[in-house]
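FYI, it's all coordinate maths here, none of it is from the lab. Since the structure is predicted, the reported quantities are computational estimates derived from the model, not experimental observations. No Cβ is skipped: glycine too gets one built from the backbone with ideal geometry, and neighbour counts run over all protein chains shown.
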C-alpha cells in the first residue's frame with residue numbers, strides 16, 4: 001500500500017439478501033477472512049442480486065477489494081465520523097425540497 | 001394461512017412459513033413490474049474493533065444483564081405485522097404533495113433502519129467481546145424487522161425497495177467507537193421521542209391519522225428506547241467518554257442532530273399539515289423530551305429556550321432552502337447564491353453551537369423506562 005496508490009485484491013464472499021416481511025437486510029461476508037479498512041472499496045461481481053419479496057437469497061460470489069491509499073485511509077479516519085447523520089430517521093433524502 | 005413469519009422464533013421457522021406463502025408471493029411478483037423502484041443506498045462502516053472489544057461492562061453488569069434479558073425475551077416479536085387495525089389506505093386518493101412527502105418519510109425511515117442494521121451487523125461480526133456482539137446482534141434483529149415493516153407499507157403504495165446495491169462499488173467509511181456511541185445513542189433516543197410524540201398526538205386527534213402505520217409507533221419506539229439504554233450503559237462503563245474534551249463532542253452531536261431534524265422536518269410541510277402538527281411545536285416537543293432523557297448520561301443539555309436557539313434554527317433552515325434552490329439552477333448568480341447560502345448555513349450552525357450549554361449532575365444509576 002503506497003501513500004497515493006491503491007491495491008486490488010480478490011476475495012471469495014457470501015452475499016445474503018433478505019427481502020422478507022420480518023427482516024429486510026443485506027450483508028456481505030468475506031470467506032477468506034479479508035478485513036476491510038477505512039476508505040477501502042468493495043465490488044461484488046456478477047449480476048445484481050435481486051431477492052423477490054418474501055425470499056432470502058444467499059449466493060457465493062467473488063469480490064474485488066480496492067484498498068485505499070495510505071493518504072485516503074487517513075482522510076477517511078479523520079472525516080468519516082461526520083457521516084453519522086444518516087443513522088437518524090429524518091436525515092436521509094437526496095431531495096432537499098419535496 | 002394464518003401463520004405469519006413475524007411470529008417465527010427461528011430463521012428456519014420463518015423460512016418454512018415463507019415457503020407456505022409462496023403462492024401468494026408469486027402472484028404479487030406479477031404486479032411488481034409496474035412498481036416504482038427505489039434503490040436503497042446505505043453506507044458501510046468500519047471502526048476500531050479492538051477498542052470496541054476492550055469494553056468491559058462489569059461496572060454496569062446488573063443493569064446490563066437485565067436489559068439484555070429483556071431484549072432477548074423479545075416482547076415485540078409478532079408485533080410488526082398487519083392485523084385488523086391496519087386500515088385500508090387510499091393511496092390513489094391521497095393529495096399528491098402529501099403522498100410525495102409521506103413516501104419520502106417512509107423511504108428515509110426504511111433507509112435509516114436498514115443502515116442501523118448494516119452497522120450493527122458489522123459490529124457483531126467483527127467483534128469478539130461476547131457482551132458487545134450479543135447486543136449488536138439483538139439490535140440488528142430489531143432494525144431489520146422495522147425495515148421489513150416499513151418496506152411492506154411502501155409496497156402497498158407501489159414502491160419496491162431494491163436491495164441490489166451490494167453489487168455496486170461501495171466505499172467503507174469510518175466511525176470512531178465513541179462517535180458510534182454518541183451518534184447512535186442520540187439517534188435512538190430522538191427516534192423514540194419523535195415516534196412517541198406523533199403517537200400521543202394522534203391518540204388525542206385520531207382524525208389526523210391518515211395512515212395505519214402510526215398506530216404501530218408506540219411499541220416500535222420502545223425498541224428504539226431500549227437500544228438507547230444499551231448505549232447509555234456502554235458510555236457509563238468509561239467516565240472519560242462523557243467528560244473533558246468529549247463534552248464538546250457531545251455538544252456538537254446534540255447540535256447537529258437537533259438542527260438537522262429541524263431542517264428536514266421543515267421540508268415536509270404537507271406531511272405535518274396532514275398530521276395536524278406544527279413543525280416548530282413538534283421540534284420543540286422532541287427536543288424537550290430528548291434533552292430530558294439524555295440527562296441520564298450526558299452532563300450537558302442544549303439551552304433550547306435561549307433566544308438565539310430558535311433564531312439560529314430558522315436561519316439554518318432558510319440557508320438550506322436557498323442552497324437547495326440554487327443547486328437546481330445554473331449561472332453566475334446561482335453559483336453566488338450557493339456560496340453565500342453555505343456561508344450562512346455555517347454561520348448559523350456556529351451560532352447554535354456557541355450557545356452556552358446547561359450543565360447538571362449525571363445520576364449514579366443510568367437506566368430509565370419509557371414514560372412519555
Problem - Spatial separation of Cα centroids for the stretch A:1-55 and the stretch B:88-121, in angstrom - result: 25
Problem - Considering only chain B, percent of DSSP beta bridges that pair antiparallel, nearest 5 - result: 20
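Could you state the per residue volume, in Å³, of the convex hull enclosing the Cα atoms of chain B?
168
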Exercise for the section: Tell me what chain B gives for mean residue ellipticity at 222 nm when only DSSP H runs of n ≥ 4 count, each as -39,500 (n - 2.57), the sum divided by the residue total, rounded to 500 deg cm²/dmol. Expected result: -21000 deg cm²/dmol
Handout entry: Bridge type composition, the protein assembly as shown - antiparallel percent by DSSP, nearest 5
Key = 80
Problem - GNM top mover of B:87, B:74, B:265 - chain B, alpha-carbon springs below 10 Å - result: B:87
Completion exercise
For the stretch B:60-167, the Kirkwood Rh over every pair of distinct alpha carbons, in Å, works out to 16.0
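Shielding of B:112-120 by partners, i.e. mean partner chain Cβ atoms within 10 Å per residue? Don't skip to the end; give the middle numbers.
Working: counts 8, 4, 4, 6, 4, 6, 4, 3, 0.
Other-chain Cβ atoms within 10 Å of each residue's Cβ, averaged: 4.
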Problem - Space enclosed by the convex hull of the alpha-carbon atoms of chain A, per residue, Å³ - result: 156
Fill in the blank from the handout: Within 10 Å of the Cβ of an average residue in B:185-198, the count of other chain Cβ atoms is 2
Problem - Per-residue [θ]222 nm for chain A (sum of -39500 (n - 2.57) over DSSP H runs n ≥ 4, rounded to 500) - result: -3000 deg cm²/dmol
Completion exercise
Counted neighbours (other Cβ, 10 Å), sorted fewest up, put B:213, B:245 in the order B:245, B:213
Exercise for the section: For the stretch B:35-237, restrict the atom set to alpha-carbon positions and state the Rg and Dmax in Å. Expected result: 18.1, 56
Practice task
Let me have the relative contact order for the stretch A:7-81, percent, based on Cα pairs under 8 Å that are six or more residues apart.
Solution key: 42
Handout entry: Volume in Å³ per residue [convex hull over Cα atoms, computed for the stretch B:209-327]
Key = 134
Fill in the blank from the handout: Evaluated at 4 °C and 1.567 mPa s, the Stokes-Einstein D of the protein assembly as shown based on the Kirkwood radius over Cα pairs, in µm²/s, stands at 55
Completion exercise
Assertion target for B:337, B:47, ordered by fewest C-beta neighbours within 10 angstrom first, is B:337, B:47
Exercise for the section: Work out the mean other chain Cβ neighbour count within 10 Å for the residues of B:314-326 and drop it here as an integer. Expected result: 1
Exercise for the section: Among B:264, B:61, A:67, rank each residue by its count of other Cβ atoms within 10 Å, from fewest to most, as a rough exposure measure. Expected result: B:61, A:67, B:264
Fill in the blank from the handout: For chain B the mean separation of alpha carbon contacts under 8 Å (6+ apart) over residue count, i.e. relative contact order in percent, is 18
